[in-house]
Amino acid sequence: MASEHVEVAIVGGGPGGLTLAQGLKKNGIGVAVFEKDRARTDYVQGFRLRIRQRGIDSLIANLPPELYEAFVATLGQAPDRNILLDENFETLGEDAWGGGNAQGEVDDTHIEKSVSRITLRQVLLSGLDGVVRHGKVFSRYEEQPDGSVTAHFEDGSTIHADVLVGADGARSRVRQQLVPQARSFDTGVRRLAGKMTLHAAALHQISPLLLDYNAGIRPTEGHGLMVTSHRVNVEAYRRYGLIGLDDDTHKDVAGFHFNNTTSYVWWNTAYEKDELATDDALARLSGAELLDLLISKIGHWHKDILNLIRYTDPSTVALLHVHSSEPVDPWPTKRVTLLGDAIHAMTYFRALGGNTAIYDAGLLVPELVAARRGDKPLLEALSDYEARMLEHGANAVRSSLTAMQKNVLSGRRRQKEAAE
């Protein structure tokens, strides 16, 4: 039996893959998205995304006007003021978010917007009924004599495509076959984060300095803490049907972590491997136990900071291993390509990962449109995309890694100086 044919098959339904699908559909190019999960329940999905100009420009170009309008209307509100505090809650300045910027990476934080990842997914899925197919776990692809590609899935189904795009994240199976030499590495940094509803913050009298500002805590010794908030406009949600409303695909998950209708304050901190405990020991700890462990490290800090940690909802707390991609040289262009974390996974320290995936989609759509119109050969279009994508992605990876090193190493330096 012959495989179904589609012009572009996308493996992975994250922000990059769905933006690509929207852009191709907008331009009349046949597309199908193959996503393994109906609901994304990876931990970071419960947090907001700081979307920047590069991501916004891609959404403007690739979404239908009515969907872009819904995206703008359902944006959250984040603080527009910064403050830097020490562990005694004394003000040090206003540069709370300085994280380092590698040469070549444009810094556009001044216009960034705060969007729930869940709400963004709802926007990007809108109008893609019949395009997105859930429960599809990619297995492998094979190239046909004419250069086209057949993708195989674990359920035994196949799809025949003119172009296959791997948008399947940091553990991309498409990348493993296409560019097996591309690797990522464990940076040795462990990120701990948690959230509290703004309603709970009011009950526990959390300081306005931690709610109304992007607050950085820089202690005289040890590692710092970053705090910000995300406020949602539920009235705006009601104008756009299901967009912005609580996603019922998460209804069986306890706590409010995957509730995108609730305003919250959230914090994160980072330690080096084994500073808090061994990885094996940390993996066995519950959210409440992770909070207790952090408090044991910073128990001498001001009570206003400690109360933020102490009253954090334990169901929102987790510890993540921070990974980053290694540089990769260009490979011979085929009708299989990659975008986002599938080729350049990066640390979270400059909030570039989701933006880069959406931006990649914005680079790929016009190249595929040009090939469709006959303005350039398909392989040339893909090669031009990969050249720009790899350059931009490498800059983003380098920038986020530099920011991580500055952040974590400064904590180590303060610890050492305090001990001397």
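Can you give the charge dipole size of the range 340-396 about its Cα centre, rounded to the nearest 20 debye, using +1 on the beta carbon of Lys and Arg and -1 on the beta carbon of Asp and Glu?
For this selection, approximately 140 debye.
Got a sec? How would 369, 165 order by Cβ neighbour count within 10 Å, fewest to most? Intermediate values should be presented prior to the final figure.
Numbers: 369 17, 165 31.
By the 10 Å Cβ count, ascending: 369, 165.
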### Query
Taking a quarter of the surface of the convex hull around the Cα atoms of the range 301-420, what do you get in nm²?
10.9
### Summary
XL table 113/303; 26/136; 273/334; 113/136; Cα-Cα > 29 Å flagged, in table order, is 113/303; 273/334; 113/136
### Task
Percent of Cα-Cα pairs per 5 Å bin, from 0 to the last occupied bin, for the range 168-240, please list those.
3, 10, 13, 13, 12, 11, 11, 12, 10, 4, 1
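Once you keep just the Cα pairs under 8 angstrom separated by 6 or more residues, what percentage relative contact order results for the range 115-155? Could the numbers behind the result be given before it?
Values: 28 pairs, mean separation 12.2, N = 41.
After rounding, I find 30 percent.
When only Cα pairs under 8 Å and 6 or more residues apart are kept, what is the percent relative contact order across the range 292-420?
Numbers: 97 pairs, mean separation 32.5, N = 129.
Computed over the range 292-420, the figure is 25 percent.
Placing unit charges on C-beta atoms (Lys and Arg positive, Asp and Glu negative, everything else neutral), compute the dipole magnitude of the chain about its Cα centre in debye, rounded to 20. Walk me through the intermediate numbers first.
Working: 46 positive and 55 negative charges, 55 e Å.
Around 260 debye, computed over the chain.
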### Query
Order of 312, 150 from fewest to most other C-beta atoms within 10 Å?
150, 312
### Query
So what's the net charge close to residue 204: Lys and Arg +1, Asp and Glu -1, counting the other residues with Cβ under 12 Å from its Cβ?
0
### Query
Could the peptides 396-403, 202-209 be put in order, highest first, of the mean number of other beta-carbon atoms found within 10 Å of their residues?
396-403, 202-209
### Task
Would you calculate, for the chain, the mean residue ellipticity at 222 nm contributed by helices, counting each DSSP H stretch of 4 or more residues as -39,500 (n - 2.57) and dividing by all residues, to the nearest 500?
-11000 deg cm²/dmol
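What ratio of Cα Rg to 2.2 N^0.38 Å holds for the chain?
The chain yields a ratio of 1.00.
Can you give the FRET efficiency to the nearest 0.05 for residue 90 and residue 236, using r as the Cβ-Cβ distance and R₀ = 30 Å? Don't skip to the answer; put the middle values down first.
Working: r = 38 Å, r/R0 = 1.26.
It comes out at approximately 0.20.
Bear in mind these aren't lab numbers, they're just calculated from the coordinates by the rules spelled out. No experiment lies behind these values; they were computed from the predicted model shown. Backbone-built Cβ (ideal geometry, glycine too); neighbour counts: all protein chains shown.
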